[in-house]
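What follows is one structure encoded as structure tokens, with my remarks underneath.
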Amino acid sequence: MYLITVDEKGRFSAVPTNKQGGAATLAAPPIWGLSDSQVATLVDQSADGLSITLMPLVAGIVQVWVEGNADLHGGVRLLRGTLDVQVEWGEAWNLVIIPSAPEPK
């Protein structure tokens, strides 16, 4: 599981490989998504679609997924990669005193 705080952002890359683990090509840029868009959002996808930035919104667990077509001959052979992400609140940096309005005794 990938751990990140709401004060951070994370850059993810999808790396297509062949059966032997060598570099491979997708038929088109992949599509990225999230299991819960209230926990985080995805922004800043690269032009080739192979990388994207995760921007956490609140603490929680979210799964990032990426799908791409591996068939280079006009058909469809869908590949899917997933990553579980745990978003935590950031560490406290300050302690603020907030007074209430004065009241009669």
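The values are calculated or read from the model by the stated rules, or taken from the named source; none is laboratory data. All values derive from a computational prediction rather than experimental measurement. Methodologically, a virtual Cβ is constructed for each residue, glycine included, from the backbone with ideal geometry; neighbour enumeration extends over all protein chains shown.
Screening the stretch 46-77 for residues that are loosely packed, with under 10 Cβ neighbours inside 10 Å and touching a strand residue (DSSP E or B) at 6+ places or on another chain (Cβ under 9 Å) and picking the one that is farthest from Ile31 (Cα to Cα) gives Gly75.
If you go through the stretch 1-30 and pick out every residue that is of a type outside the set (Ser, Thr, Tyr), loosely packed, with under 13 Cβ neighbours inside 10 Å and closer than 15 Å to Arg80 by Cβ, you end up with 2. Looking across the stretch 33-62, the residues that are over 15 Å from Thr5 (Cα atoms) and either of a type outside the set (A, V, I, L, M, F, W, C) or touching a residue at least 40 places away in the same chain (Cβ under 8 Å) (or both) come down to Gly33, Ser35, Asp36, Ser37, Asp44, Gln45, Ser46, Asp48, Gly49, Ser51, Ile52.
Do you know which residues across the stretch 59-78 are outside any strand (DSSP E or B), at pLDDT below 95 and in contact with an Asp or Glu (Cβ under 8 Å, 6 or more places away or on another chain)?
Keep residues of the stretch 59-78 that are outside any strand (DSSP E or B), which gives 59, 70-77.
Now restrict to residues that are at pLDDT below 95: 70-77.
Residue satisfying the conditions is Arg77 alone.
If I go through the stretch 31-44 residue by residue, how many of them are surrounded by 16 or more Cβ atoms within 10 Å (Cβ to Cβ) and within 22 Å of Asp71 (Cβ to Cβ)? Quick ask: steps written out before the conclusion?
Keep residues of the stretch 31-44 that are surrounded by 16 or more Cβ atoms within 10 Å (Cβ to Cβ), which gives 32, 34, 39-40, 42.
Filter again for within 22 Å of Asp71 (Cβ to Cβ), leaving 32.
Of the residues in the stretch 31-44, 1 are surrounded by 16 or more Cβ atoms within 10 Å (Cβ to Cβ) and within 22 Å of Asp71 (Cβ to Cβ).
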